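Here is the structure we will look at.
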Amino acid sequence: MMNPQYNLPGVMRPMSSKLFVDSAFPASVSSLVRGRGTPLSSLCDSITWLRPQEICTSPRLFPENPRDGLGKQGILGDCWFICACSALQKHERLLNQVFPISQPIWTDPRYLGQFTCRFWHFGRWVEVTIDDRLPCLGHKLCFSHCHDQDSFWLPLLEKAYAKLHGCYEALWAGQVADALVDLTGGLVERWPLGVGEDSNQEQMFNRMLELKDTCSLSCSVLHCREGAAELGEFHAFTITDIKWVVTNGSQKLLMLRVHNPWGRSTWGGYWGKSGEGWCVICPEVSSQLQSQIQEGEFWVEKTEFMQEFNEVTVGFPVSEDGYVLSIWTDFPLIYTQQMYGSWVKGQSAGGSRNNASFSNNPKFWLRVREHSEVYLVLMQRPHHVSQAIPKIGGVPQKETEPNKDTLHAVGLHVWKVEKRKFNLKKTLLSPPVVGTSSHSYDRQFHLHCDLSPGYHLLVPSTFLRDTEGNFLLRVVSTGQVTLSEMVPAHPVVPVREDVTQGNWDILKIQGEWKKGKSSGGSRNFPSYHLNPSLPFNVPSGCRVVRVTLQQHCQEDKCLAIGFHVYKVPNDKHVSLLSGKPCASCVPHCHSLEVSQSYALTPGQYILVPSTYLPDQESGFTVTISTKIDRKPIQSQETLGPILKEVCVVTVMK
């Protein structure tokens, strides 16, 4: 884990008044709490903000011994995030992706008091820059910190994650699986303990033993057993090692070493510090195992582990080439496709298969070109509500917490079809080849399957009809696949027309996509309405309309661009962009120019040019050429120099 580029030797740079101060995430109560619905609110007035060189004399990012980088929780209830950070301790590639290398630290003359971290946020990597002022109580870090308290990678990463979520309080309670996805951009599985046949449980532990060195492994207590409160309810732990030992009676036992983010030894079970279990193995092995534990760690045997813990969370490993590896076959999942979508009330929120409106849900084609191991991933964007019940492990807590994001129950089903021309109603009434057995409130889940070559129909859904939300559909596979959205039943079909021939009226419109203002991204994003809306008219007698979108950039720096055309309805109160476009130039292309011709009926239209991702900046020019059927003028007059006539030039600011 520990990259030497981070810990450069040198003399501590003195404090400077020119150090970076993050005004977007200030050292104030607003960065600590918002709703004041957790115990953290009562401590806000006592918290001070200090830079690492004010906390200790020799701050560094990482300790020399990776084991000293294990995290302790502090007074913030984010054990789930701290456990997920163990994935970065096992993969230097992931660490460098989340914590970019060569950032100047406290011994570097270039040190400016700021750090940048990256998180995988709803389908793309985003950067979060913070200053290094950290919350403290009595000159000591009050939130997460490492066993080596002079190492600051974890509290800095925690601060960046808190900024991404709005404040530290937003990290109070969560899922290890969600944090693993945010830190790796990969896949995660949750395995319930004590559920299913003994053979499946045995297979699970054997697989954990094989994955222990490459995967992030954690376990959670969701319902603590009576008399075992030392583990804590709704609490997550990190599994730091798994190994076989042999008892004095030649019996094999599978032992798991577990780390408690509380950072203190609270386990008093059969294999606790003074437990009876150590008497059944030879003193030499007993001494060796006990010498390996740090403060907060303990050993537990498999049977007792299954009694005390409720589930295991497994983060998929990543190859040296950056590919996610299947935890079941070890094959690299080298092909990735993803698309965004929305469930819209009255249009595409058809609910579960229990509803007759199920066919209204968004539908996608997956073309599998060779027999492949495939993971179909559905990720929903949490929706913001004014009050919600916080959860960990899917179990609500007793306190209510304002300003919390909540999740819908969602599912995904897949049908194999022989060809793209098929009977939709008949297909959806037949059993799917794979699908969720029940709709899940997980932020992300996946279906694991082996798919044969051909076309497959994918239908993501919410459990309740007319439930609105946004989602990301991802496909990762061992073989080549193509993911696309099913087109509307009666789209406007593009036509071929030569713009150099005939009589054309030309409208040119210049504009720009600007971050936070007019760069809303594609229709898959809720910010789509921020894009420029350009009106134009199709007159009577028009045969063809040709739309050309050109971006102003160098050819090697092209953004993915496209556009949609909407017919203005007679009822002006209808929300235009919430409906389906009558014509489109998609998928978005990394090209300087995209162009398409359509046969549009006379009337008023709106054209919406967009980049595929939001917050991308560029200028653009739209050219709308309208071909009019009219006879050429016969005249004996002699004309002067030819003028290039432009109807209107509008500059979008």
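The values are calculated or read from the model by the stated rules, or taken from the named source; none is laboratory data. Note that the structure is a prediction, hence the values are computed from the model and not measured. A quick note on method: Cβ atoms are made from the backbone with ideal geometry, for glycine too, and the neighbour counts reach across all protein chains shown.
Descriptive notes on the structure:
- Scoring L193 on the criteria (1) touching a Lys or Arg at 6+ places or on another chain (Cβ under 8 Å); (2) more than 29 Å from Y323 (Cβ to Cβ) leaves a single failure, condition (1).
- Here G562 clears all of (1) closer than 25 Å to L458 by Cα; (2) more than 26 Å from the chain's Cα centre (by Cα); (3) at pLDDT 90 or above except the condition numbered (2).
- If you go through the stretch 100-145 and pick out every residue that is over 26 Å from the mean Cα position of the chain (by Cα), of a type in the set (A, V, I, L, M) and assigned to a loop (DSSP other than H, G, I, E, B), you end up with 2.
- Number of the exception - T303 against (1) surrounded by 17 or more Cβ atoms within 10 Å (Cβ to Cβ); (2) under 19 Å from S220 (Cβ atoms): (1)
- Counting only strands (runs of 3 or more DSSP E) that sit wholly inside the stretch 264-366, those with at least 1 residues that are modelled with pLDDT under 90 are 297-301, 335-343.
- R60 without any contact (Cβ under 8 Å) to a residue 12 or more places away in the chain, farther than 25 Å from V176 by Cα and not assigned by TED's automatic domain parsing to the domain that holds L211: no
- Residue list for the stretch 565-593, restricted to those being at pLDDT 80 or above and of a type in the set (S, T, Y): Y566, S584, S591
- Residue match in the stretch 83-92 (condition: within 28 Å of the chain's Cα centre (by Cα), of a type in the set (S, T, N, Q) and assigned to a helix (DSSP H, G or I)): yes
- Long-range neighbours under 8 Å by Cβ, at least six apart or interchain, first residue closer than 15 Å to G77 by Cα and of a type in the set (S, T, Y) within the stretch 30-41, second part of a loop (DSSP other than H, G, I, E, B) and modelled with pLDDT of 90 or more: S41/V33
- Count of residues meeting criterion [of a type in the set (A, V, I, L, M, F, W, C) and touching a Pro at 6+ places or on another chain (Cβ under 6 Å)] in the stretch 297-321: 0
- The stretch 359-382: number of residues that are closer than 24 Å to Q347 by Cβ and out of contact with any His (no Cβ under 7 Å at 6 or more places or on another chain): 11
- Checking the stretch 517-532 against the condition returns no match, with no residue being in a strand (DSSP E or B) and either at pLDDT 90 or above or farther than 17 Å from F620 by Cβ (or both).
- Neighbours by Cβ (under 9 Å, 6+ apart or cross-chain): first from the stretch 283-296, not assigned by TED's automatic domain parsing to the domain that holds Q73; second buried (at least 17 other Cβ atoms within 10 Å of the Cβ) and among the charged types (D, E, K, R): L289/R257; Q292/D241; Q292/R257; I293/R257; E295/K72; G296/K72
- Scanning the stretch 41-63 for residues that are touching a strand residue (DSSP E or B) at 6+ places or on another chain (Cβ under 9 Å) and hydrophobic (A, V, I, L, M, F, W, C) yields L43, I47, W49, L50, I55, L61, F62.
- Residue check, N403 assigned by TED's automatic domain parsing to the domain that holds R443 and either assigned to a loop (DSSP other than H, G, I, E, B) or modelled with pLDDT of 85 or more (or both): no
- Matching entry among V410, V433, V481, V475 (being of a type outside the set (G, A, S), closer than 21 Å to S372 by Cα and under 20 Å from the mean Cα position of the chain (by Cα)): V475
- Condition met for G479 (in a strand (DSSP E or B), of a type in the set (G, A, S), over 22 Å from L600 (Cα atoms) and at pLDDT 90 or above): no
- Checking each residue in the stretch 534-559 for being of a type in the set (A, V, I, L, M) and at pLDDT below 85 picks out only V544.
- If you go through the stretch 113-155 and pick out every residue that is in contact with a Pro (Cβ under 7 Å, 6 or more places away or on another chain) and either of a type in the set (V, I, T) or farther than 30 Å from Q380 by Cβ (or both), you end up with 11.
- Scanning the stretch 44-88 for residues that are basic (K, R) and over 14 Å from H147 (Cα atoms) yields a single hit, R51.
- Looking only at the stretch 36-72, and only at residues there that are of a type in the set (S, T, Y), in a loop (DSSP other than H, G, I, E, B) and surrounded by fewer than 17 Cβ atoms within 10 Å (Cβ to Cβ), the one that is nearest to the chain's Cα centre (by Cα): S58
- Residues that are of a type in the set (K, R) and either touching a helix residue (DSSP H, G or I) at 6+ places or on another chain (Cβ under 9 Å) or part of a loop (DSSP other than H, G, I, E, B) (or both), drawn from the stretch 238-254: K243
- Given (1) in a loop (DSSP other than H, G, I, E, B); (2) within 26 Å of R124 (Cβ to Cβ); (3) among the charged types (D, E, K, R), number of the condition R474 does not satisfy: (1)
- Residue check, L378 touching a Pro at 6+ places or on another chain (Cβ under 7 Å) and either over 29 Å from V258 (Cα atoms) or β-branched (V, I, T) (or both): yes
- Lone unmet requirement of (1) part of a helix (DSSP H, G or I); (2) more than 17 Å from T48 (Cα to Cα) for G174: (1)
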